[in-house]
Amino acid sequence: MSSFETTVPLRLTPGSKSLDRQAELPPHGDTIDFGMHGAVADHYKAVPQNPLPSTLDYLTASIGGCLIGTFAGSLMRARVPVSPETLRGDSIGYVESDEDGVLVLKRVTVRYRLELPEEHREAAEEVLAKHAGRCPNARSVSPSIEIVTVLEITSPVAA
């Protein structure tokens with residue numbers, strides 16, 4: 001059984017008056033900035049100097065990004081043709097305020113759009129039914145965050 005730690009250095013953004021933060025992601029130390037905007041800023045009655053993606057945005061993106069990668073890999077193992085041109089998706093996070101007034105990500109829905117010949121439809125739907133259970137991020141946050149996946153299949157455009 002494999003086990004490891006991952007360390008992400010964190011800091012408050014120098015000069016920020018609205019508690020913007022930075023993280024250095026492995027493996028190259030790329031810096032990502034996060035803070036708040038929109039409904040998150042409104043909820044916490046904040047007026048960010050520089051609206052930035054929130055940690056809830058990153059969490060929604062991380063779960064969705066892992067799911068679409070797991071879905072694509074599972075499709076490939078099932079010999080269903082998939083490519084960056086034929087598979088797209090949206091990760092949608094549903095956030096609620098809990099009884100303490102803390103915003104909580106309750107559900108992530110990933111809506112896939114897959115261009116696929118009809119003869120592969122059944123295999124793609126079988127993969128969809130099982131892939132979330134193989135996704136590291138989905139398994140890490142479930143059942144605290146409900147994971148929903150939806151697949152729209154369209155026929156390839158004739159050349």
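Bear in mind these aren't lab numbers, they're just calculated from the coordinates by the rules spelled out. All values derive from a computational prediction rather than experimental measurement. Note that each Cβ is placed from the backbone with ideal geometry, even for glycine, and that neighbours are counted across all protein chains shown.
Would you please name the residue that is surrounded by the fewest Cβ atoms within 10 Å (Cβ to Cβ), looking only at residues in the range 86-135 that are among the hydroxyl-bearing types (Ser, Thr, Tyr) and more than 16 Å from CYS66 (Cα to Cα)?
So the first thing to find is which residues in the range 86-135 are among the hydroxyl-bearing types (Ser, Thr, Tyr), and the list is 86, 91, 94, 97, 109, 112.
Remaining after also requiring more than 16 Å from CYS66 (Cα to Cα): 86, 94, 97.
Details: THR86: 16, TYR94: 14, SER97: 10.
If we take residues in the range 86-135 being among the hydroxyl-bearing types (Ser, Thr, Tyr) and more than 16 Å from CYS66 (Cα to Cα), then SER97 is surrounded by the fewest Cβ atoms within 10 Å (Cβ to Cβ).
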Selected residue (only one of LEU87, LEU10, LEU56, LEU67 is touching a His at 6+ places or on another chain (Cβ under 9 Å) and among the hydrophobic types (A, V, I, L, M, F, W, C)): LEU67
Which numbered condition VAL8 fails, given (1) touching a residue at least 60 places away in the same chain (Cβ under 8 Å); (2) over 28 Å from VAL150 (Cα atoms); (3) not polar (S, T, N, Q): (1)
The range 82-109, residues that are charged (D, E, K, R) and either touching a Cys at 6+ places or on another chain (Cβ under 9 Å) or under 30 Å from SER155 (Cα atoms) (or both): GLU85, ARG88, ASP90, ARG107
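Taking only the range 1-22 into account, find how many residues are surrounded by 12 or more Cβ atoms within 10 Å (Cβ to Cβ) and farther than 17 Å from SER62 by Cα.
The first filter runs over the range 1-22 and keeps only residues surrounded by 12 or more Cβ atoms within 10 Å (Cβ to Cβ), leaving 13, 16, 18-22.
If we keep only those that are farther than 17 Å from SER62 by Cα too, we end up with 13, 16, 18-21.
So the count comes out to 6.
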Positions within the range 73-85 being crowded, with 20+ Cβ neighbours inside 10 Å and touching a Pro at 6+ places or on another chain (Cβ under 9 Å), in sequence order: LEU75
Index of the failed condition, HIS43 passing every other in (1) closer than 22 Å to ALA138 by Cα; (2) out of contact with any Asp or Glu (no Cβ under 8 Å at 6 or more places or on another chain): (1)
Qualifying positions in the range 23-52 - surrounded by 11 or more Cβ atoms within 10 Å (Cβ to Cβ), touching a residue at least 12 places away in the same chain (Cβ under 8 Å), at negative phi and within 19 Å of the chain's Cα centre (by Cα): ALA23, GLU24, LEU25, ILE32, ASP33, PHE34, GLY35, MET36, HIS37, ALA39, VAL40, LEU52
Near pairs, Cβ below 7 angstrom, 6+ apart or cross-chain, from the range 79-105 (without any contact (Cβ under 8 Å) to a residue 12 or more places away in the chain) to any residue that is assigned to a loop (DSSP other than H, G, I, E, B): VAL104/ASP98
Exclusive hit being in contact with a Gly (Cβ under 6 Å, 6 or more places away or on another chain) and within 30 Å of HIS120 (Cα to Cα), set SER83, SER91, SER74, SER62: SER91
